[in-house]
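The values are calculated or read from the model by the stated rules, or taken from the named source; none is laboratory data. Quick caveat: nothing in here was measured; it's all calculated off a predicted structure. Backbone-built Cβ (ideal geometry, glycine too); neighbour counts: all protein chains shown. Note: accessible area is taken over every heavy atom of the protein model, side chains too, but ligands, DNA and RNA are not part of it. Shrake-Rupley method; radii C 1.70, N 1.55, O 1.52, S 1.80 Å.
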Amino acid sequence: MSEFDYDLGIIGGGAAGLTIAAGAAQLGVKVLLIDKADKLGGDCLHYGCVPSKTLIRSARVRHLMGRAGDFGLPEVNLPPVDYSRITERISGVIEEIQVHDSVERFNSLGVEVRFGQACFVDPHCVSLGGDKLSARSWVVATGSSPFVPPIKGLAETPYLTNVDVFSLTELPESLIVLGGGPIAVEMAQSFQRLGTDVTVIQRSNQILSREDDDMAGYVMQGMVDDGVRFILGSTIDKVQKITGGIEVCLESGGRDLSVKGSQLLVAMGRRSNVAGLGLEDIGVEFERGSVAVDARMRTSVPNVFAAGDVTGKYLFTHAAGYEGGIVVSNAVFHLPRKADYKWLPWCTYTDPELASVGINEKAAQQAGLEYRTVIEDFSASDRALAEGEGRGRIKLLLSKRGKPLGCQIAAVHAGELLSEWVAAVNGKVGLATLAGAVHPYPTLSEMNKKVAGTLLGEKLFSDRVRKILRLLFSYRG
């Protein structure tokens, strides 16, 4: 009989925790899954990926309705949006997906699910609602929450985050967005398209600051075309509640400015959920406020692992799922599998979308790498023009030897288009193979073939090849 109650204990029922629980339980491991909320699915299902993409879709449909004239259709006078119907739709989508993340499903897999705040008593034992529960190994997968910066007056001022923005009952007349990252720009564009007057206030001189400025520029221009106002390179002095709304006082470009709106959305980053877990009491080390892990997702305590946003590495649902698989390999199979983020993709779901895999120019320059770029604009895509979506570009970064370093796409459906590159770089598919693959016409994916074909064409139509052919023809003659 085991000295522990469970083989594996997991704290956190989001993407990482659910991946680990399902995988381990199906391998016959006795699993305990604990979440402090009263439902599974984590931030992604309830306050992140799912509700945001549902909102983005509703906003895009309304935007297309307003563009009816661009497609040869009668102009449409758009009526005001009843936001309660959108929140109803968001709730419906969440409920449909919740079935896959339900307690009943995980119980059927053999996982015991309990709710409440878990706190470590020692490296093998946690307290939960007065009970002490032990496991041979533990995984901390508690995710992250919105970071609220110490801006003067903000604590005394009503504001929204991604946790509550999707449950509004009325569409804000105007919205001030603090931040220029993915959550900020996705929400800013969506609310603008639904009829809200949106102003984005960003500290740096570029939105999506980790991206190349030319690629982020496509996103920003698309938002400007929709009517979003931007104030970049700003320093916020204070935030305060005023009659009828919110006022943000700031400095930008040497000028003192005041921005007023009916609602305020704070989207200035994330913080790892580590409070109340007792991790420091058992010797778990932290790095910049997140749980420090090695490439095998092990913490400084031998039997305690961590995965997902709580590690502060890559705050994506797909990264959390990937890290969950690494944990299963190490904690269950005891195989020394290491996480490798070289080809981890990501996408910002604006219009146009901005998707990336590998490194971009900014990262290559910071690393001191020599590289070259191959760029193709979507204005050269027949399908994009037919769709009325000719803006955007695909950019491929190559090493000195002509090997792919990364690929970025700014275009409609960029996230879908990037998948071909994700498969190619992970499968070590050569550019010649990609260029030679027959793609259906007309499709947006032909742009992947086109950018790879550009490189092939440089070699095929070179002076060297022409000289060889001339010699060949003269010999035959």
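Take residue 316 and decide whether it is aromatic (Phe, Trp, Tyr) and open to solvent by 50 Å² or more (accessible area, probe 1.4 Å). Considered against the rule, which asks whether it is aromatic (Phe, Trp, Tyr) and open to solvent by 50 Å² or more (accessible area, probe 1.4 Å), residue 316 comes out as no.
Once region 253-276 is narrowed to residues that are within 18 Å of the chain's Cα centre (by Cα) and basic (Lys, Arg), the residue that is nearest to residue 140 (Cα to Cα) is 271. Listed by first and then second residue, the pairs linking a residue in region 457-471 that is within 22 Å of residue 435 (Cα to Cα) to a residue that is open to solvent by 100 Å² or more (accessible area, probe 1.4 Å), with Cβ atoms under 8 Å apart and 6 or more places separating them unless they lie on different chains, are 465/459. The criterion of at least 2 residues that are within 26 Å of residue 408 (Cβ to Cβ) and of a type in the set (Val, Ile, Thr) is met by the following strands (runs of 3 or more DSSP E) wholly inside region 194-254: 197-201. Restrict the check to region 17-38 and report whether at least one residue is touching a residue at least 12 places away in the same chain (Cβ under 8 Å), within 13 Å of the chain's Cα centre (by Cα) and open to solvent by 30 Å² or more (accessible area, probe 1.4 Å). Within region 17-38, none of the residues are touching a residue at least 12 places away in the same chain (Cβ under 8 Å), within 13 Å of the chain's Cα centre (by Cα) and open to solvent by 30 Å² or more (accessible area, probe 1.4 Å). Selection of region 27-52 for residues being touching an Asp or Glu at 6+ places or on another chain (Cβ under 8 Å) and within 25 Å of residue 4 (Cα to Cα) yields 29, 30, 31, 32, 33, 40.
Restricting attention to region 283-310, report how many residues are hydrophobic (A, V, I, L, M, F, W, C), out of contact with any strand residue (DSSP E or B) (no Cβ under 8 Å at 6 or more places or on another chain) and closer than 16 Å to residue 323 by Cα.
We begin by selecting, within region 283-310, every residue hydrophobic (A, V, I, L, M, F, W, C); these are 284, 286, 291-293, 295, 297, 301, 304-307, 310.
Okay, now just the ones that are also out of contact with any strand residue (DSSP E or B) (no Cβ under 8 Å at 6 or more places or on another chain), so 286, 295, 301.
The next check asks that each one be closer than 16 Å to residue 323 by Cα; those that pass are 295.
Total satisfying the criteria: 1.
Screening residue 227 on (1) more than 23 Å from the chain's Cα centre (by Cα); (2) at negative phi; (3) not hydroxyl-bearing (Ser, Thr, Tyr) shows it passes everything except condition (2).
Find the helices (runs of 4 or more DSSP H) located wholly in region 395-464 whose residues include 2 or more that are open to solvent by 60 Å² or more (accessible area, probe 1.4 Å), modelled with pLDDT of 95 or more and closer than 26 Å to residue 223 by Cβ, and list them. Steps first, answer last, please.
On the way: elements: 414-426, 431-436, 446-460.
Qualifying helices (runs of 4 or more DSSP H): 414-426.
Within region 425-438, residues that are polar (S, T, N, Q) reach partners that are surrounded by 13 or more Cβ atoms within 10 Å (Cβ to Cβ) with beta carbons closer than 7 Å, at six or more positions or on different chains, in the pairs 426/343.
Looking only at region 314-328, decide whether some residue is among the aliphatic types (A, V, I, L, M), more than 26 Å from residue 348 (Cβ to Cβ) and in contact (Cβ under 8 Å) with a residue 24 or more places away in the chain. Yes.
Checking each residue in region 212-232 for being of a type in the set (D, E, K, R) and either touching a Lys or Arg at 6+ places or on another chain (Cβ under 7 Å) or open to solvent by 50 Å² or more (accessible area, probe 1.4 Å) (or both) picks out 212, 213, 225, 226, 229. Taking (1) touching a helix residue (DSSP H, G or I) at 6+ places or on another chain (Cβ under 8 Å); (2) of a type outside the set (Phe, Trp, Tyr); (3) free of Cβ contacts under 8 Å to residues at least 60 places away in the same chain in turn, residue 224 satisfies each apart from (1).
Pairing residues of region 145-160 that are among the aromatic types (Phe, Trp, Tyr) with residues that are modelled with pLDDT of 95 or more and part of a loop (DSSP other than H, G, I, E, B), at Cβ distances under 9 Å and at least 6 apart in sequence or on separate chains, gives 147/268; 147/269; 159/148. Residue count for region 357-394 satisfying the condition of being open to solvent by 30 Å² or more (accessible area, probe 1.4 Å) and aliphatic (A, V, I, L, M): 8. Count, please, the residues in region 148-160 that happen to be part of a loop (DSSP other than H, G, I, E, B) and exposed (fewer than 15 other Cβ atoms within 10 Å of the Cβ). Qualifying residue count, region 148-160: 4. Residues being in contact (Cβ under 8 Å) with a residue 60 or more places away in the chain, out of contact with any strand residue (DSSP E or B) (no Cβ under 7 Å at 6 or more places or on another chain) and either within 21 Å of residue 44 (Cα to Cα) or not in a loop (DSSP other than H, G, I, E, B) (or both): count how many of those fall in region 100-120. The number of residues fulfilling the criteria is 3. Highlighted here are the helices (runs of 4 or more DSSP H) found entirely within region 40-99 that include at least 2 residues which are over 19 Å from the mean Cα position of the chain (by Cα): 49-66, 83-98.
Pick out the one residue from 51, 80, 74 that is of a type outside the set (A, V, I, L, M) and without any contact (Cβ under 8 Å) to a residue 24 or more places away in the chain. Working first, answer last.
On the way: 51 fails: without any contact (Cβ under 8 Å) to a residue 24 or more places away in the chain; 80 fails: without any contact (Cβ under 8 Å) to a residue 24 or more places away in the chain.
On inspection, the qualifying residue turns out to be 74.
Exactly one residue among 126, 198, 140, 163 is open to solvent by less than 30 Å² (accessible area, probe 1.4 Å), β-branched (Val, Ile, Thr), in contact with a helix residue (DSSP H, G or I) (Cβ under 7 Å, 6 or more places away or on another chain) and touching a residue at least 40 places away in the same chain (Cβ under 8 Å), and that residue is 140.
Of the residues in region 304-311, at least one is acidic (Asp, Glu), in contact with a helix residue (DSSP H, G or I) (Cβ under 7 Å, 6 or more places away or on another chain) and within 14 Å of residue 43 (Cβ to Cβ). Only one of the numbered conditions (1) open to solvent by less than 70 Å² (accessible area, probe 1.4 Å); (2) over 22 Å from the mean Cα position of the chain (by Cα); (3) hydrophobic (A, V, I, L, M, F, W, C); (4) under 30 Å from residue 2 (Cα atoms) is violated by residue 168, and that is (4).
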